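What follows is calculated from the coordinates using simple rules that are stated; it is not laboratory data. Quick caveat, the model's predicted, so the values are computed rather than measured. A quick note on method: Cβ atoms are made from the backbone with ideal geometry, for glycine too, and the neighbour counts reach across all protein chains shown.
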Amino acid sequence: MKKIILTVAMCFTAAAYAHDEGHGPKLADTGKYGGLVSAVVLKADAKKGASAALVHKAELVRSADGTTRVYLYDTAMKPLVIKGFDAKGSASLGAKVKGKWKDSEFPLELKDGSFVGKMPKPEGKPYNIDVTLKQDGKELLSAFDNLD
């Protein structure tokens with residue numbers, strides 16, 4: 001019986017650390033539009049996890065109709081001037097469906113100072129959204145995990 005309890009506890013511990021604990025340093029900032037705030041890091045540094053250098057901060061705001069907005073801030077949470085960013089970005093919604101990880105890509109477009117797109121309906125919960133943008137030729141990544 002003790003072995004079963006220990007095995008179950010170890011499985012839950014491993015699940016808690018899934019998805020590399022995010023990409024970039026853990027943040028405690030609150031969003032200016034009621035969304036979730038996450039680190040923006042160089043995509044090349046994403047595997048470094050929490051030790052990846054913070055480039056910017058991003059806020060993800062989702063509407064009931066699936067409209068998704070990503071607002072960008074500097075490291076002090078001041079709105080970022082969107083100079084040098086490509087007008088198009090992409091996002092990937094990932095969720096476990098029947099025990100297998102499934103990703104659904106959707107485009108983002110720069111409109112009125114934020115990147116806007118229409119996310120697909122999540123097939124499972126919780127789900128993750130990874131946002132990829134380009135600034136001055138460098139790919140940036142922001143990950144929003146355990147969404148529901």
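Quick notes
- Relative contact order of segment 21-73, pairs being alpha-carbon contacts under 8 Å that are 6 or more residues apart, as %: 34 percent
- Between LEU36 and LEU60, the built amide H atoms are under 5 Å apart, and every one of these is 5 or more places off in sequence or on another chain.
- Amide H contacts for LEU54 (H built 1.01 Å from N in the peptide plane; partners 5 or more residues away or on another chain; cut-off under 5 Å): none found.
- Whole-Hz couplings from phi, Karplus 6.51/-1.76/1.60, listed for segment 61-66; x for Gly and Pro: 10, 10, 9, 4, 7, x
- Stokes-Einstein diffusion of segment 79-148 at 10 °C, 1.306 mPa s viscosity, Kirkwood radius from Cα pairs, rounded to a whole number: 123 µm²/s.
- Burial ranking of peptide ranges 105-111, 75-81, 55-61, 115-121 (average Cβ count within 10 Å, highest at the top): 55-61, 115-121, 105-111, 75-81
- Per-residue ³J(HN,Hα) for segment 138-148, Karplus 6.51 cos²θ - 1.76 cosθ + 1.60, θ = phi - 60°, Hz, x for Gly and Pro: 9, 7, 10, 9, 10, 10, 10, 10, 6, 8, 9
- Amide H to amide H distances under 5 Å link ASP29 with no residue, where only residues 5 or more positions off or on other chains count and H is placed in the peptide plane.
- Potential lengthening of the chain between THR75 and LYS96 amounts to 4.4 nm, from the contour at 0.36 nm per residue minus the alpha-carbon distance.
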